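So the structure is just underneath, and the comments pick up after that.
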Amino acid sequence: MSLELRMLGVDLICSRHPTTKWAQRSDRVFLTIELPDAKDVKLNLKPEGHFNFSAKGSDDLPYEFDLELFDAANVEESKAAVAPRTICYLIKKAESKWWPRLLKKEGKPPVFLKVDWDKWQDEDDEDIGFNDFDGMDFSKLDMGGADDEDIEDDEDDVVESANKDEGAKESKVEEEAAPAAAAAEEAKP
């Protein structure tokens with residue numbers, strides 16, 4: 001069949017599924033899509049819990065998947081960040097409760113979907129609050145665009161601050177070394 005379609009000039013484009021990791025808290029789900037140098041990234045989350053992803057990889061091949069999440073999501077409070085190696089999506093749950101699984105459908109999940117053990121936290125450990133995106137400032141990811149000048153200004157401030165600190169250290173070392181140098185001069189015959 002596919003040979004016949006190719007002979008008719010129809011290209012069969014098979015999309016691939018990038019490795020996707022997930023973890024949850026009572027009020028949110030973390031999705032980390034591992035696709036280095038992704039281009040044309042499209043993320044779509046619907047209130048009923050339908051999530052779809054599509055992008056082109058560095059090899060210009062299409063990557064995509066659709067997930068029917070276990071329950072509804074709050075689209076307005078969910079946020080995404082595209083970094084050079086991964087795409088992170090923080091999905092805010094419509095109702096704050098632990099899901100027994102990520103997907104609505106029971107059974108074995110797709111092979112590309114894996115638990116993110118780096119972010120995983122058990123339900124009874126939630127009050128500890130470590131390893132999550134909660135404190136992550138998505139605006140600090142260098143994704144290009146209008147805010148690039150602000151980032152460069154921040155880098156200049158860091159360098160300037162480091163130079164001031166270095167100068168202060170040097171003058172302090174000189175102050176501490178002066179008495180020792182004077183004592184050494186007096187000790188010479």
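The values are calculated or read from the model by the stated rules, or taken from the named source; none is laboratory data. These figures come from a predicted structure and were not determined experimentally. We work out accessible area using only protein heavy atoms, side chains counted, and drop any ligands, DNA or RNA first. Shrake-Rupley method; radii C 1.70, N 1.55, O 1.52, S 1.80 Å.
Quote the accessible area belonging to GLU64 in square angstrom, nearest 10, computed with a 1.4 Å probe and with ligands, DNA and RNA left uncounted.
80 Å²
Express in Å², to the nearest 10, the accessible area of GLU123 obtained by rolling a 1.4 Å probe over the protein heavy atoms while all chains stay in place.
That residue has around 120 Å² of solvent-accessible surface.
Rank LYS104, LYS92 by accessible area, highest first, at a 1.4 Å probe radius?
LYS104, LYS92
Please turn the phi angles of region 50-61 into ³J(HN,Hα) values with the Karplus equation 6.51 cos²θ - 1.76 cosθ + 1.60 (θ = phi - 60°), one per residue in order, whole Hz, x for glycine and proline.
For region 50-61, the Karplus-derived couplings read 8, 10, 10, 9, 8, 6, 10, x, 5, 8, 6, 8 Hz, x marking Gly and Pro.
If you average over every viewing direction, what projected area does the convex hull of the Cα atoms of region 38-125 give, in nm²?
Its average projected convex-hull area is 6.6 nm².
Residues with amide H under 5 Å of ASN74's amide H, sequence separation 5 or more or different chain, H placed in the peptide plane at 1.01 Å from N; which?
Close amide H contacts, sequence-distant or interchain: LYS92, LYS93, ALA94.
Could you state how much accessible area GLU77 has, in square angstrom rounded to the nearest 10, with a 1.4 Å probe and all protein chains kept in place?
Ignoring ligands and nucleic acids, GLU77 comes out at about 110 Å².
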